Amino acid sequence: MKRESSREPLINLLLPLALILGLVLLLSLNVTEGTAERTLTSPLESWLKIIVGYLAGGAEIAAAVVIGGAVVQGIISYIKMLFSRSRQHFDAAELIRLQLGRMLALGLEFSVASDILRTAVAPTRQDILNLGAIVLLRTLLNYFLEREIQQGEQRRSLEPEFDRSVR
């Protein structure tokens, strides 16, 4: 068990570093030579592009609704917290932050799904590289967001034990 716990900080350092390096590599690649767009498309491919376009738009709308709803809910919860006379302002603010973080992570997942859908039908090499860069960037954001949520939840779970031991 001790070896697994000693590897964890190394993995927590190397994973984001690898994602960042992958993102830089993908962004530095430029595939402009020899990537002439195909102009001849079959009717099935045209219909597929239309359908996938609507699905991707729906995923983007879902991401916007989730993130927008989370922001509105967070603002309302924060205003309620400000006007309450409770002593647990820090705990309530942390809870609001964690809820917002979870919803942002869900919104990022919808956004990644939208990008994948847009690239699903007859992608060019540049489309795939762009998708890779976008997915890597959003994965990196999601990784740090999830890590922050986990740390916040750990702090919340440890606080009641600390409060009980003080009393």
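Can you give the relative contact order of region 42-166 as a percent, counting alpha carbon pairs under 8 Å and 6+ residues apart?
34
With the simple model of a label 7 Å out from the Cα in the direction of the Cβ, Ala93 to Ile61 spans 3.8 nm. In this calculation the C-beta distance from Ser77 to Ser42 is compared with R0 = 41 Å, giving a FRET efficiency of 0.20. With N counted as the residues of region 42-166, its alpha-carbon radius of gyration over 2.2 N^0.38 Å works out to 1.45.
In plain terms, the chain from Arg102 to Gln154 could stretch by 17.2 nm, reckoned as 0.36 nm per residue minus the Cα-Cα distance.
Bear in mind that the values in this text are calculations on the coordinates, not laboratory data. Quick caveat, the model's predicted, so the values are computed rather than measured. Neighbour counts are summed over all protein chains in view; Cβ atoms, including those assigned to glycine, are modelled from backbone coordinates with ideal geometry.
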